[in-house]
Amino acid sequence: KLSPLNPSAAPATWLGVMGGGQLGRMFAHAAQQMGFKVAVLEPALDCPASHAADQLISADYTDADALIKLAAQCAAVTTEFENVSAKSLAFLAERTFVAPSSSCVSIAQDRMAEKRFFIECAATSGVFPASHKEINSDADVDAVPDDLLPGILKTVRMGYDGKGQVRVKTRAELHDAYAGMNGVACVLEKMLPLAYEISVLAARGADGKAVVYPIAENVHRDGILFTTTVPGPHITTASAEKAQAATLAVIEQLGYVGVLCIEFFVLTDGSLVVNEMAPRPHNSGHYTIDACVTSQFAQQARAMARLPLGDVRQHSPAAMLNILGDIWFEGKSDEAREPAWDKVLALPGANLHLYGKDTARRARKMGHITFIAPTLEEAQANLHKACVILG
Ligand code: ADP
Ligand code: MG
């Protein structure tokens, strides 16, 4: 049994992160606040976490020398990037404490493995994924049952923010879509009648104790998260409890250590369908920084350090708006201009988080704003005003 890590020890205790994006940056802020030092392994030099981390190891995620260096430096390592090679995490785990484990991450990296795992969990979780069929050939397309159409063809690996997905109505469209996937493994999912989407953030410690955050309701635009509202305005208490219990069942069955987020669909008939999971803090959990006693990033640091998990209580209603690079551009213009932050920050309860990315690009996640207010209605109204200001 591993003992807890001391955040204030001299010499310092280092926590490591695979990946230097915004999740690594916000993790660094939270871990440093607690007294840890943070090392980031990431190939890109000018990444968001590079400005926050105490050390940047600039190398490929599979570079053995860099992995050895990270493991030697850090008493525990986590990942913020879902598609880090599971082999790299296993390699690190031979040398230091790694959470979540490579086996958990590898399930989340593969939509088929993930769906099989959700089905295995169904007896205790009470939820199933959407009806689906694996597609690895044109013959598989021909064998798709009619009732899976219309559907969504997704790549089994590497999909995110709606990338690697094509919506198809007919078998002919499915053939075309599959032909466009360059032979990679795919899965066809039945198109479900969504009433709304939720996500459930949970964390589990090395001692097996788990905590679950309130239900977050998510709105996507063009496959990318647009807003997260907590508490979810639409969800019933019964569905919320069901989704939280399902998440705890899954995290337990995984034997997971760290922060995990599961996305669910609530269908028009009120039923709950499990969509996918992220083996890390999640965009829909950013509201926890400003609205919960313990943020998802502080929670990740606690889990890695085998310290007691923190209180998940939400102290204020919250509405989070993702900031994409699009708002730097007026209409179709390619000339970037700075958004009107002064006007946005004049709104009550606005917490601006920008990730330090120096180049704005359309559809690129540049930051987020969380509106905190005494009531959810006020938080939502201020988010709406921000949308009008930012255009
Ligand atoms: P990503 O990894 O890109 O987040 P998702 O599987 O979460 O991929 O799909 C992105 C979005 O597409 C979902 O949030 C949801 O809005 C929509 N979507 C995905 N699968 C289905 C489905 N089976 N039926 C209806 N909508 C879906
Ligand atoms: Mg998703």
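Values as computed for the structure displayed
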| item | result |
| --- | --- |
| Tail fraction, Cα-Cα pairs, region 1-144, threshold 23 Å, whole percent | 45 |
| Dipole-positive endmost among 297, 356, 216 within the chain (Cβ charges, Cα centre) | 297 |
| Cβ charges +1 (Lys, Arg) and -1 (Asp, Glu), total dipole of region 264-391, debye | 400 |
| Cα centre as origin, Lys/Arg/Asp/Glu Cβ charges: the chain dipole, Debye | 680 |
| Estimated [θ] at 222 nm from DSSP helical runs (n ≥ 4, -39500 (n - 2.57)) normalised by residues in the chain, nearest 500 | -9000 deg cm²/dmol |
| Cα convex hull volume per residue for region 263-326 (Å³) | 149 |
| Table column - 3J(HN,Hα) (Hz), region 20-37, Karplus curve with 6.51, -1.76, 1.60, x for Gly and Pro | x, x, 4, 5, x, 5, 5, 4, 4, 4, 5, 5, 5, 4, 7, x, 7, 9 |
| √(5λ) per eigenvalue of the Cα gyration tensor, region 170-290, largest first, Å | 28, 18, 14 |
| Stokes-Einstein translational diffusion, region 116-198 - Kirkwood Rh over all Cα pairs, 1.306 mPa s, 10 °C, in µm²/s | 118 |
| Under 14 Å, Cβ to Cβ, from residue 6 - net charge with Lys/Arg +1 and Asp/Glu -1 | +3 |
| Environment charge of residue 280, counting only residues whose C-beta is closer than 15 Å and scoring Lys/Arg +1, Asp/Glu -1 | -3 |
| Paired Rg and Dmax values of the chain, which use every Cα atom, in angstrom | 20.8, 65 |
| Amide proton proximity set for residue 60, modelled H, under 5 Å, gap of 5+ | none |
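None of the figures in this text is laboratory data; all of them are computed from the coordinates on show. Keep in mind the model is a prediction, meaning the values are calculated, not measured. Ideal geometry is used to build each Cβ from the backbone, glycine not excepted, and the neighbour counts take in all protein chains shown.
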